[in-house]
1. For region 506-550, which residues satisfy the criterion of being without any contact (Cβ under 8 Å) to a residue 40 or more places away in the chain and within 25 Å of the chain's Cα centre (by Cα)?
2. Every residue in region 613-644 that is of a type outside the set (Gly, Ala, Ser) and not in a helix (DSSP H, G or I), please.
3. Here are 306, 254: which of them is aromatic (Phe, Trp, Tyr), surrounded by fewer than 20 Cβ atoms within 10 Å (Cβ to Cβ) and within 23 Å of residue 395 (Cα to Cα)?
4. I'd like to know if region 564-572 contains one or more residues that are surrounded by 20 or more Cβ atoms within 10 Å (Cβ to Cβ), at pLDDT 95 or above and farther than 20 Å from residue 470 by Cα.
5. For residue 257, only one of the following conditions fails: (1) under 34 Å from the mean Cα position of the chain (by Cα); (2) over 24 Å from residue 365 (Cα atoms); (3) part of a loop (DSSP other than H, G, I, E, B); (4) at pLDDT 95 or above. What is its number?
6. Tally the residues that are surrounded by 13 or more Cβ atoms within 10 Å (Cβ to Cβ), part of a helix (DSSP H, G or I) and either of a type outside the set (D, E, K, R) or not assigned by TED's automatic domain parsing to the domain that holds residue 331 (or both), restricting the search to region 286-301.
7. Between 220, 215, 210, which is of a type outside the set (Lys, Arg), in a helix (DSSP H, G or I) and in contact with a Ser or Thr (Cβ under 7 Å, 6 or more places away or on another chain)?
8. Evaluate the following for residue 205: is it at pLDDT 95 or above, assigned to a loop (DSSP other than H, G, I, E, B), crowded, with 24+ Cβ neighbours inside 10 Å and out of contact with any Cys (no Cβ under 8 Å at 6 or more places or on another chain)?
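The values are calculated or read from the model by the stated rules, or taken from the named source; none is laboratory data. Everything numeric here is computed off the predicted structure, so don't read it as measured data. Cβ sites come from the backbone with ideal geometry, for glycine too, and all protein chains shown count toward neighbours.
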Amino acid sequence: MFKKMKTNKIIATMLAAFLTFGTLTATGCVDKNDEKKPSQTTEQVRGTHERTVTETDIELVNNGSTNYAIVIGENETNESVLFAADELRQNFYKATGATLSFKRDSDITYTDATQVLSIGETTLLQKAGVTYDKNELGTAGYVVQTKGKSVFMVGGTGDGSLNAVYGWLKEQFAYEYFGIDEIAIERNIVKENLLNVTLKEKPDFNYRLANFGEAWFDAAVSRRARLSNPGKVWVSIDGVDYHTSFKIVPPEVYMDEHPDWYARSGRQLCFSRDPEGLSEVVVEELKKGFTKYPDRNIVTFTQEDYNAWCDCQLCTESLNHYGTDAAVYIKFVNRVADEIKAWAAEEYPGRELTIAMFAYQKSEEAPVVETKNGYKPIDDSILLRDNVALFYCPIYASYYYDFYSEENAKAATTLDKWNVLGDKLFVWMYGANFRLYLAPYNNFNSMQNNYRFVYDRGAQYLFDQQQFNQTSGTNWYKLRMYLSSNLQWQIDQDQTLLINKFFDNYYKEASEVMKRLFDEENTWFAYLAEHHAYTGAVSYTESTLLKEEYWPQGLLEGWLELIDEAYKKIEPLKVSNPSLYKKLEARIKMESLSYRFMILEMYSIYYSESEVNQMKEAFKNDCIELGVRQYSEQVAIEDYIEKM
């Protein structure tokens with residue numbers, strides 16, 4: 001179908017030149033700021049990741065039979081714990097062919113000879129002498145401990161107990177999650193002894209959200225990937241977690257009677273002209289939210305998604321004095337936070353409620369000044385209250401580079417400035433080109449170091465926004481989610497090993513070819529960064545990115561040749577394992593879409609009309625078959641296809 005161009009040889013030569021000086025893989029690029037970056041080895045291990053595993057002579061399973069039972073609490077109703085029990089039972093069966101019985105703790109009398117796999121806060125924990133600190137483990141941490149002939153898996157929350165089950169499965173049966181349809185685990189085990197396992201794990205980020213549509217819309221995906229479910233984190237305002245200001249103070253309800261509460265543009269609130277009246281409404285709405293969701297303790301009071309602000313006289317005077325629109329916003333949120341804190345102390349003693357505000361677009365700059373000893377607030381009125389979290393969203397950063405690089409000096413400095421104003425830091429990162437999902441995008445060089453950068457500055461919450469509004473995505477979507485979920489859990493893992501493990505498990509017989517494709521694409525991005533100022537911005541348009549000098553036809557055709565080679569690698573499976581063949585074929589085909597899209601956009605003139613029509617029809621059908629639903633953040637794939 002694709003005509004081979006003379007540029008193939010030129011592109012091959014250029015790639016070879018880059019490879020001669022060292023292939024750029026996803027472990028990070030080399031630049032003049034490397035001495036400022038953390039070690040790329042795993043010698044340093046941040047966070048809590050304690051592990052001791054030894055062998056025992058205690059029989060766990062023998063020839064499809066086991067004496068072990070799953071045990072949960074008599075009155076346990078937590079969704080995550082119940083899900084954990086089912087996950088343990090299913091994966092135990094996959095590994096051994098044995099079915100675990102299921103019991104409540106009231107049915108068990110514990111002794112050293114008891115053979116149970118206990119999940120969550122059972123009465124057996126105390127009897128066995130298993131101790132743990134809920135506050136230390138946080139929302140997702142856990143302990144796993146073998147006592148006598150039993151194993152106890154418990155977390156600080158139900159989610160933590162679920163993570164404990166995955167931790168034990170990994171040690172006992174080499175379990176690992178790569179995707180909803182790809183879970184690795186030892187199989188056909190005839191006989192195996194129980195391991196003596198002691199684990200204490202707390203993820204490096206207490207809240208971890210890799211904002212992929214697959215994890216966002218499917219609770220099973222987020223649970224297995226050990227990601228935080230936003231429905232358990234945020235107090236939703238009319239179903240919205242972010243950009244909540246107009247949900248809290250709807251213009252259609254209040255603007256006519258209270259025009260001073262809104263910017264003249266109508267796109268944002270005004271925090272200056274009537275802060276007392278506005279805050280009364282905001283406080284009451286937040287109280288309703290916290291009351292409605294008694295198990296959620298964080299809400300965002302965040303501006304609308306427009307790069308605009310109020311330009312009234314008072315807001316302008318504040319901007320001129322502080323050098324940023326954020327000052328009026330801080331003062332208003334502090335006012336609300338004081339009211340909420342006083343209310344919570346009376347209504348919900350001991351419940352710590354937090355309000356998160358954005359440092360985003362017009363509010364991104366921090367109201368500080370630089371001194372010889374660092375940064376300090378312009379005055380004390382803009383210090384964040386202890387129940388206010390700063391949610392930093394560096395949307396203008398260059399995500400091909402990490403925050404240690406000169407290219408991101410402004411974003412890094414801005415974060416350091418905000419850090420002198422408060423103690424609670426949340427970070428919103430970006431990992432996609434939101435104007436053009438279908439084109440290749442590269443943030444593999446920066447992901448791990450960016451996570452390290454914000455962790456070392458105290459970030460408790462990490463939100464890495466990807467192709468959030470579709471469950472199947474192009475250009476290494478699955479790999480990004482695997483890396484993001486694993487590195488948010490433990491940022492000092494060997495990223496290269498993670499990548500290799502993913503390719504081996506996800507592409508199987510086609511692993512070597514697909515890894516070569518991935519490496520060549522990364523190498524080409526290094527060329528684009530050096531010679532065409534590619535930065536990994538999140539808003540490249542067709543006109544700025546789809547240029548022939550960026551993506552020569554021969555390069556794209558060469559990558560499609562690798563796709564064809566990958567198909568050949570799995571060809572024998574058509575007969576030996578048809579279901580696996582179909583699965584791998586779809587995974588390979590998904591990675592072809594970006595290259596086919598760019599050929600259609602840039603090189604259609606080199607094909608006959610009938611060839612172009614066939615290519616368009618195949619592209620459309622494959623997008624539908626594979627579940628690709630978005631051309632960009634705002635444009636559905638159907639709208640794009642209609643205009644092809």
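1. Answer for region 506-550, where residues must be without any contact (Cβ under 8 Å) to a residue 40 or more places away in the chain and within 25 Å of the chain's Cα centre (by Cα): 511, 515.
2. If we filter region 613-644 for residues that are of a type outside the set (Gly, Ala, Ser), which is where we start, we get 613-617, 619-626, 628-631, 633-635, 637-644.
Matches in region 613-644: 628, 629, 630, 631, 633, 634, 635, 644.
3. Numbers: 254 fails: within 23 Å of residue 395 (Cα to Cα).
Just one listed residue meets the conditions, 306.
4. Checking region 564-572: at least one residue is surrounded by 20 or more Cβ atoms within 10 Å (Cβ to Cβ), at pLDDT 95 or above and farther than 20 Å from residue 470 by Cα.
5. Here residue 257 clears every test but (1).
6. 3
7. On the way: 220 fails: in contact with a Ser or Thr (Cβ under 7 Å, 6 or more places away or on another chain); 210 fails: in a helix (DSSP H, G or I).
Of the residues listed, the single one that is of a type outside the set (Lys, Arg), in a helix (DSSP H, G or I) and in contact with a Ser or Thr (Cβ under 7 Å, 6 or more places away or on another chain) is 215.
8. On the way: at pLDDT 95 or above: yes; assigned to a loop (DSSP other than H, G, I, E, B): yes; crowded, with 24+ Cβ neighbours inside 10 Å: yes; out of contact with any Cys (no Cβ under 8 Å at 6 or more places or on another chain): yes.
It is true that residue 205 is at pLDDT 95 or above, assigned to a loop (DSSP other than H, G, I, E, B), crowded, with 24+ Cβ neighbours inside 10 Å and out of contact with any Cys (no Cβ under 8 Å at 6 or more places or on another chain).
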